[in-house]
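None of the figures in this text is laboratory data; all of them are computed from the coordinates on show. All values derive from a computational prediction rather than experimental measurement. Cβ atoms come from the backbone with ideal geometry, glycine included; neighbour counts cover every protein chain shown.
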């Protein structure tokens, strides 16, 4: 009797403990709309496979009717500074399913980076465009083919599978009894998107993931009845003549307390390897194509517009919690080659080198690289010069530029002197190149005297100013300083004020009322005087009809009228022609003769 009471008491205590544990777990866990314990409302089933629980997740996202996320400002790629972005990643708006659209962006990137003929349509000479604008809003033949879109003359994905967003009705080809098109040219065909035969309602795609956070590689357990979207991406790549070395979906580390998940560092490695990643948030798929260590930011295209956007890794995007990724690693593409040409321009001196090697030049050179090669170009200015920016296939002012070689491309690097000109006069325009000038106008001092800066001529990297009060005396090199917030920064360059200089006279004699031209340099922008001087120093002022100096070069031109002969300045005698600017006087190296009879 005593033993029986002990057993009953023990059973009661254990039952009470189990009830307490169950109540605690139930209170802490979230049961979604499908009765699954998950924070993700779109986990529709959970089952055991090979000793691990597997979640079946649907992704039914479509653009919100009004709201759009704010566009992000993407910094220039600089891995040493903790930021990198891939170029040539298209931005498509939603086209019959966010997952298929996101996959189309990824494959559009590969089509433009060494995997030709993933897109084979007629638009953009057969190269996938950077947006789907050419086909109209909501249409993208790489996401979902459609009759009469992009030159298609037969039924495609939309015709065979689409009824309307959210529809669970049998697909149109089943309802109408026509022959289903051959799956070939779009991601939606292979990912199972919109297809009732895979239990996907219109707009949705299914993904399978291990709940412990380990990668779910190429999941095919339920084929042919169900289709994993990640497996479908592999099938699409293979249909285009390529193979994948790996493909998987994976929960991010920490989601549902898993300890094996995909991390921000894993994501960075994919981007640095030149591979965009499908970002999965609750009910929606997007494409991550860049990162920033500051704030653990993901730069992405969200399938809602053509703008760049950002989100915090593991955070939420417009209220949708980040839970996972889908990764595709294509095998190496067949090696084709293209030429990358580099030219150098500007008033400065510098070189551009490449990694991997192939380019090392100071004027004009080129290198041949295999398709898909990530080439890093580095601009290196010589001493006392500045690198001011790229153009062509590169852009921006970062000395490093990363290019994925997939076709013949051209790049220009510009090197400049800190000071555009080193000599001049009144009216000379100086351009000062550099960085960190700020946007609030300061001062430019030449020999301690302020130059004139017009509105809009002061930027963070370039200042344009005019010498209106030159330092004197002339023919001396004066220091130039930029004053920002009352702090002077002297340039590694100087400015010399020049006296006017005359070229050889084009015509050394003339008759009233001829108008003759005199050329030279540094006359100044303010009109001076022209006169003749005889052997005794007597002067005769001449009428100046034109006076000009080009501000950026100092090249100058004036025109004067030949005077009438007079008793004081008779015809036939040679006179000294002098030009007096506001700074100094220039003397012609040949005499000038007035023609005509004596008065």
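Structure data summary
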{"item": "Rg [Å, one decimal], Dmax [Å, integer] - region 446-565, C-alpha atoms", "result": "18.8, 60"}
{"item": "Sequence of 236, 208 once ranked by neighbouring C-beta atoms within 10 Å, starting from the fewest", "result": "208, 236"}
{"item": "Region 212-323 - Kirkwood radius from inverse mean 1/r over Cα pairs (Å)", "result": "15.1 Å"}
{"item": "Global size of region 423-497 as Cα Rg and Dmax, reported in angstrom", "result": "11.5, 33"}
{"item": "DSSP beta bridge pairing in region 398-511, given as percent antiparallel to the nearest 5", "result": "90 percent"}
{"item": "In Å, descending, principal axis extents of the Cα set of the chain", "result": "150, 68, 46"}
{"item": "Two-decimal log10 I(q)/I(0) for region 102-172, as the Debye equation yields it once each C-alpha is a single scatterer, q = 0.19 Å⁻¹", "result": "-0.79"}
{"item": "Quotient of C-alpha Rg and 2.2 N^0.38 Å, computed over region 279-419", "result": "1.33"}
{"item": "Mean projected area (nm²) of the alpha-carbon convex hull when region 462-510 is viewed from all directions", "result": "6.1 nm²"}
{"item": "Relative compactness, region 337-416, computed as alpha-carbon Rg over 2.2 N^0.38 Å", "result": "0.99"}
{"item": "Expected 222 nm ellipticity per residue - DSSP helices of 4 or more, -39500 (n - 2.57), all of the chain, to 500", "result": "-4000 deg cm²/dmol"}
{"item": "Order of 226, 469 - criterion: other Cβ atoms within 10 Å of each residue's Cβ, fewest first", "result": "469, 226"}
{"item": "For region 79-330, alpha-carbon Rg over 2.2 N^0.38 Å", "result": "0.96"}
{"item": "Most to least packed among 562-571, 95-104, 50-59, 242-251 [average Cβ atoms within 10 Å]", "result": "95-104, 242-251, 50-59, 562-571"}
{"item": "Per-peptide average of other Cβ atoms within 10 Å, ordering 275-283, 362-370 highest first", "result": "275-283, 362-370"}
{"item": "Cα long-axis angle, helix 98-111 against the chain (0 to 90 degrees, to the nearest 10)", "result": "50 degrees"}
{"item": "Ranked list, fewest to most other Cβ atoms within 10 Å of each Cβ, for 157, 309", "result": "309, 157"}
{"item": "Relative packing of peptides 118-125, 502-509 - highest average C-beta neighbours within 10 Å first", "result": "118-125, 502-509"}
{"item": "With Cα atoms, 0 to 90° folded angle of helix 229-239 axis to the chain main axis", "result": "60 degrees"}
{"item": "Nearest-ten-degree value, helix 2-28 long axis tilted from longest Cα axis of the chain", "result": "30 degrees"}
